[in-house]
Amino acid sequence: MAHQALAVTAQQIKQLERESRRENLGRSWYKFTRNTMSVVGLVMVVSLILLAILAPWVTPYPKHAGPYTDFPHAKQPPSWQHPFGTDQIGRDILSRIVFGLRSSLLMGIVVLALVVPPGVLLGLLAGYFHGTWIDTVIMRITDIFLAVPPLILALAVASVLRPSLWNGMMAVSLMWWPWYTRLVYGQAVTLRNEYFVTAAEVTGAGPAHIIFREILPNTVSTILTKMSIDIAWVIIIGSMLSFVGLGVQPPEPSLGTMIADGARYLPDQWWIAVFPALAIVVVVLGFNLLGDGVRDMFAAEEI
Amino acid sequence: MSATPLLLEIKNLHVHYTVYGGQLKVLDGVGLVMHTGERVGLVGETGCGKTTTMKAILRVLPMPPAGIPQGEIYFKGRDILKMSSGELRQVRGRGISMIFQDPTAALNPVFSVGQQMDAVIHHSPLRGKARSRREIHQLAVKSLQEVALADPERLLRSYPIQLSGGMRQRVCIGMALSTGPELLIADEPGTSLDVTIQDQVLRLLRTLVEEKNTSVILITHTLGIVREMTDRVYVMYAGNMVEVAATKELFSNPLHPYTIGLMEAVPRLTGGGVSDGIAGRIPNYLAPPPGCRFHPRCPHAMEICLSEKPASYTIGDDHEVACFLYQADRVSQGNGGGHDR
Amino acid sequence: MTADILTVTDLKKHFVIGRTGVVTQVPITVKAVDGISFAMPEGETFGLVGESGSGKSTVAYTVIGMYAPTAGTIRFRGQDLYESKKKRPLSLRKEIQIVFQDPGSSLNARRTVKQILELPLRIHRSEARRLEEIVRLLDMVELPPEYMYKYPQMLGGGEKQMVAVARALATEPSFIILDEPTSALDVSIQGKIINLLIRLQNEFHLSYLFITHDLSLMRNVASRVAIMYLGKICEIAETVEFFRNPLHPYTQMLLSSIPVVSEAEEKLKPQKIISTGEIPSPVDIPPGCSFHSRCPMKSEACTQLDPVMVEVAPGHTVRCHLSP
């Protein structure tokens with residue numbers, strides 16, 4: 001059997017890499033778009049994000065998101081000038097919702113950014129060192145955090161610290177990380193026994209390689225799917241916090257506070273509470289649909 | 001050919017799957033005929049479409065990605081593909097039963113063997129009447145005895161996880177035969193079992209189908225099993241039936257280059273080294289080669305093979321082969337697999 | 001006479017899988033491998049045959065370094081592999097490699113072929129020209145360079161196994177364990193891989209420990225064959241002798257169960273012994289000779305006394321009370 005000289009140049013290899021990357025992306029997109037609702041979710045989420053980023057420029061009354069009063073125009077029902085009506089102080093609800101969206105989305109993104117890396121890392125370590133003291137220590141700590149009712153924990157933390165958006169995010173982060181640890185732990189324990197891990201160990205790979213290059217890539221799909229749905233949950237929890245006054249402080253708008261304030265005016269001035277609530281529904285729905293698509297994207301193909 | 005009516009007839013079956021990049025044209029005009037009491041083997045390798053064909057018969061193909069643009073499947077004269085769901089339910093389990101390759105996956109781990117057998121028997125009422133619990137139980141016991149399982153009563157109370165692989169496969173066979181089907185489809189029934197156990201299970205299967213005069217389609221990629229267990233064999237490649245003959249005839253006189261290659265590829269107990277197998281790989285179903293689908297791998301490919309698809313030529317006594325090499329020798333001609341009527 | 005590359009002496013590997021009894025806590029032990037010995041000459045293929053529970057895979061995993069033996073020694077070129085309690089040194093890992101049965105699970109689905117092949121190169125070989133080396137490895141197993149950027153699921157079963165072989169070759173080993181390398185593959189592809197392995201063996205003077213349940217394949221691949229049942233070796237002989245004159249009842253039973261494709265092979269199969277009975281669980285091994293529960297020729301002694309390996313003819317050893 002004759003070995004030919006290297007038949008491909010380095011340049012051709014680069015070309016191959018580019019092509020295969022393009023093909024893999026195309027394939028993932030195809031899988032994502034199989035379900036129309038996933039695409040709808042994607043459109044919703046992208047629109048909401050754009051809306052939140054461009055808030056000062058797309059809302060009709062950006063100033064209403066700050067200190068502003070206009071009592072003569074308070075509690076007005078939906079109209080052409082104020083599509084969602086005005087609240088008890090006279091501020092345009094539509095504008096405030098868009099700005100409230102900003103802090104909600106920001107909370108979602110920041111909390112996940114804070115929570116996912118350490119949570120995943122701990123899960124990987126506990127899973128890889130399954131059966132040793134590392135596993136025990138990490139998972140028992142995780143259990144403790146999971147045992148405390150989440151809202152109580154968030155409330156406790158938030159009330160000790162000065163109430164603000166940032167501290168609200170801290171509180172939520174503190175109760176959120178264990179879920180990722182547990183999710184990844186379960187997977188890591190199983191994956192550790194796969195033959196490809198054994199093959200790497202037999203060759204002489206160290207724990208760092210095994211954890212980050214063999215096990216982690218196989219957990220990415222579940223992590224991403226969970227993340228896309230988690231944003232919705234973090235937003236809800238964040239709204240609950242601000243509902244009880246422990247998140248964003250007035251006059252900055254927050255969906256939760258708006259609902260809390262508006263509840264008192266039900267059912268006559270229903271728009272003050274209902275529209276912020278619907279906004280939360282739309283956000284949550286969008287992310288859930290997107291999450292379904294993300295999961296499909298990683299699913300193995302049927303044939 | 002003979003006077004007995006056809007039990008199963010597949011005519012010109014095409015099946016496509018819609019995937020990223022287009023359509024996988026998996027089945028390309030598959031034909032098959034079977035009479036009552038026959039034991040037919042279907043030999044083919046991974047990806048040839050044999051499982052797709054079987055799933056099409058029972059209509060358990062996942063229909064969004066899969067589609068059947070053409071073809072008919074006649075069971076006792078009626079087209080399965082056109083049946084209503086009610087009629088289909090009558091056929092599944094009663095007319096046609098199936099055993100799968102992996103008995104562990106085929107049995108539900110959270111239900112006892114007895115519960116699963118009851119469910120199967122219960123859903124096939126005898127002459128329209130529901131059976132009583134006692135009848136169902138007795139039938140279950142009898143089925144287990146027929147598959148040579150000791151202590152059926154205790155077994156019915158056991159869970160699949162408590163049984164060995166061979167026992168699980170026997171339970172599956174018992175379940176499949178308990179409803180007295182006319183046609184049994186066995187998909188690689190011994191592959192997941194150890195060789196010595198596989199031998200026992202296959203011998204049992206052969207005895208049972210002889211006793212009950214059940215017709216069997218035995219799907220496998222192992223030529224040796226087909227030789228021991230069947231009367232007639234279809235050889236399948238890339239969504240086409242390339243050859244069919246009586247088993248003895250096929251093994252003593254294989255005609256299609258694929259069949260020949262397959263036979264040569266099997267390592268022999270008598271020694272002689274291992275042949276290189278068949279060069280190449282199965283075609284990409286997204287863009288299958290024009291003409292004969294085997295031509296890229298065929299050592300005897302001719303001009304015509306690259307552009308036209310061979311019809312099924314009958315050579316001698318009931319031996320059909322879909323290959324242009326035999327066009328001149330043909331006694332009669334059909335359309336790709338199956339007898340021409 | 002070529003030196004032995006691998007010498008296994010009275011190897012045992014027991015796993016404790018649980019305990020019974022609330023008070024006494026008696027450990028439940030699986031005796032996966034229970035005292036086997038054999039020697040492999042360098043440059044040859046030694047075959048290990050067995051069904052589920054035979055322990056053949058456990059032997060492989062013990063040699064490769066996954067499990068430490070419970071008792072006994074494994075010597076590689078005279079050196080005890082488990083001499084020190086520390087992890088196996090890289091120099092030994094380089095020499096002894098393995099190809100697993102199912103390429104679907106032995107290749108990480110989330111890594112490309114290039115990444116898979118890079119790992120052994122990174123650990124054992126120098127930095128220079130790694131990409132070229134990968135292309136060369138692929139060429140050795142007759143795969144085109146484009147396959148570098150593919151993921152395993154885009155390859156056919158045979159191609160995946162080729163990648164696994166390329167991975168094993170990457171460290172330039174002298175000894176490769178092949179654990180059912182073609183069992184998951186179609187027969188038309190099997191030949192190509194087997195012949196490739198044989199060519200590589202000749203070219204690089206490799207020694208193979210070839211494990212399979214397929215006796216027809218073994219007949220054409222190995223120069224010596226050992227057959228295992230429930231953790232012990234029943235018979236060892238040179239290949240031709242093994243098939244021509246099988247002495248152990250289990251060997252005969254296994255041979256009689258193989259589906260064959262020709263009359264000539266049928267004649268070779270022992271006719272007297274047909275497979276009966278279930279394979280006992282390795283937790284619950286029958287006393288005496290572990291095969292007696294299924295043996296049609298058992299005697300009184302078989303139920304009580306475990307037989308020992310006896311050399312019946314030069315190079316042909318059997319473990320049976322009834323052997324000549």
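Read the figures in this text as sums done on the coordinates, not as results from a lab. Keep in mind it's a predicted model, so treat the numbers as computed, not measured. Positions of Cβ are generated from backbone atoms using ideal geometry, with glycine treated the same way; all protein chains shown enter the neighbour counts.
With a cut-off of 8 Å between alpha carbons and a minimum separation of six or more residues, what is the relative contact order of segment C:247-319 in percent?
RCO, segment C:247-319: 26 percent.
Charges only on Cβ, +1 for Lys and Arg, -1 for Asp and Glu: so what's the dipole of segment B:134-276 about the Cα centre, in debye to the nearest 20?
Working: 13 positive and 17 negative charges, 77 e Å.
Result for segment B:134-276 is approximately 360 debye, rounded to the nearest 20.
How high is the relative contact order of segment C:4-318, in percent, counting Cα pairs under 8 Å that sit 6 or more residues apart?
Across segment C:4-318, relative contact order equals 21 percent.
Could you give me D for the protein assembly as shown, from Stokes-Einstein at 10 °C and 1.306 mPa s, where the hydrodynamic radius is the Kirkwood radius over C-alpha pairs? Units µm² s⁻¹, please.
Values: Rh = 32.6 Å.
Approximately 49 µm²/s, per Stokes-Einstein.
Give me the angle, in degrees from 0 to 90, between the Cα long axis of helix C:187-204 and the longest principal axis of the Cα atoms of chain C, rounded to the nearest 10.
Around 80 degrees separate the two axes.
Taking 7 Å along the Cα-to-C-beta vector as the label spot, tell me the C:Ser323-C:Ile17 distance in nanometres, rounded to one decimal.
2.9
For every helix of n ≥ 4 consecutive DSSP H residues, a contribution of -39,500 (n - 2.57) applies; sum these over chain A, divide by its total residues, and give [θ] at 222 nm rounded to the nearest 500 deg cm²/dmol.
-23500 deg cm²/dmol
Could you give each residue of segment B:5-11 its phi-based ³J(HN,Hα) in whole Hz, using Karplus coefficients 6.51, -1.76, 1.60 with θ = phi - 60°, and x for Gly or Pro?
x, 6, 7, 9, 9, 9, 10
In terms of Cα to Cα distance under 16 Å, which aspartates and glutamates are near enough to B:Lys309, apart from those fewer than 8 places away along the same chain?
B:Asp28, B:Glu243, B:Glu320
Beyond 20 Å, what share of the Cα-Cα pairs of segment B:206-287 remains, rounded to the nearest whole percent?
42
What's the local net charge at B:Gln200, with K and R +1, D and E -1, over the other residues with C-beta under 12 Å away?
Working: positive: B:Arg170, B:Arg203, B:Arg206, C:Arg294; negative: B:Asp194, B:Asp199, C:Glu278.
Taking every Cβ under 12 Å from that of B:Gln200, the sum is +1.
Average projected area of the Cα convex hull of segment C:4-318, in nm²?
About 18.9 nm², averaged over all directions.
Please state the charge dipole magnitude for the protein assembly as shown, taken about the Cα centre, from unit charges on C-beta atoms (+1 on K and R, -1 on D and E), reported in debye and rounded to the nearest 20.
2000
Mind giving me the FRET efficiency for A:Tyr30 and B:Phe111? R0 is 35 Å, r the Cβ-Cβ distance, nearest 0.05 is fine.
On the way: r = 38 Å, r/R0 = 1.08.
So, using R0 = 35 Å, E works out to roughly 0.40.
Post the alpha-carbon centroid distance, segment C:249-303 to segment B:170-214, in whole angstrom.
Between the Cα centres of segment C:249-303 and segment B:170-214 lies a distance of 22 Å.
Based on alpha-carbon centroids, what's the gap between segment C:91-121 and segment A:49-96 in Å, whole number please?
Rounded to whole Å, the Cα centres lie 61 Å apart.
So, in Å, what gap is there between the alpha-carbon centers of segment C:14-54 and segment B:250-317?
Cα centroid to Cα centroid, the span is 44 Å.
Return the FRET efficiency for the residue pair B:Leu81, A:Val39: r is the Cβ-Cβ distance, R0 is 30 Å, and the value is rounded to the nearest 0.05.
0.40
Length gain on complete extension for the stretch C:Glu238 to C:Thr73, per 0.36 nm per residue less the alpha carbon to alpha carbon distance?
This chain segment gains 57.1 nm when fully extended.
On a 0 to 90 degree scale, rounded to 10, what angle separates helix B:165-178 from the longest Cα axis of chain B?
Roughly 80 degrees, rounded to the nearest 10.
Can you find, among C:Tyr61, C:Gln115, C:Pro41, the residue sitting farthest towards the positive end of the charge dipole of segment C:4-318, where Lys and Arg contribute +1 and Asp and Glu -1 at Cβ?
Positive-most Cα among the choices belongs to C:Gln115.
Antiparallel as a % of all DSSP beta bridges within the protein assembly as shown, to the nearest 5?
Antiparallel: roughly 65 percent of the beta bridges in the protein assembly as shown.
Suppose R0 equals 45 Å; then what is the FRET efficiency for B:Asp102 and A:Ile152 from their Cβ-Cβ distance, rounded to the nearest 0.05?
Step by step, r from the Cβ atoms, then E = 0.40.
Using only the alpha-carbon atoms, how far is helix A:36-53 inclined from the longest principal axis of chain A? Give it as 0 to 90 degrees, nearest 10.
The two axes meet at around 60 degrees.
Nearest 5 is fine: what % of DSSP beta bridges in chain B come out antiparallel, could you say? Intermediate results must be reported in sequence, preceding the final value.
On the way: 35 of 54 bridges.
Bridges in chain B are about 65 percent antiparallel.
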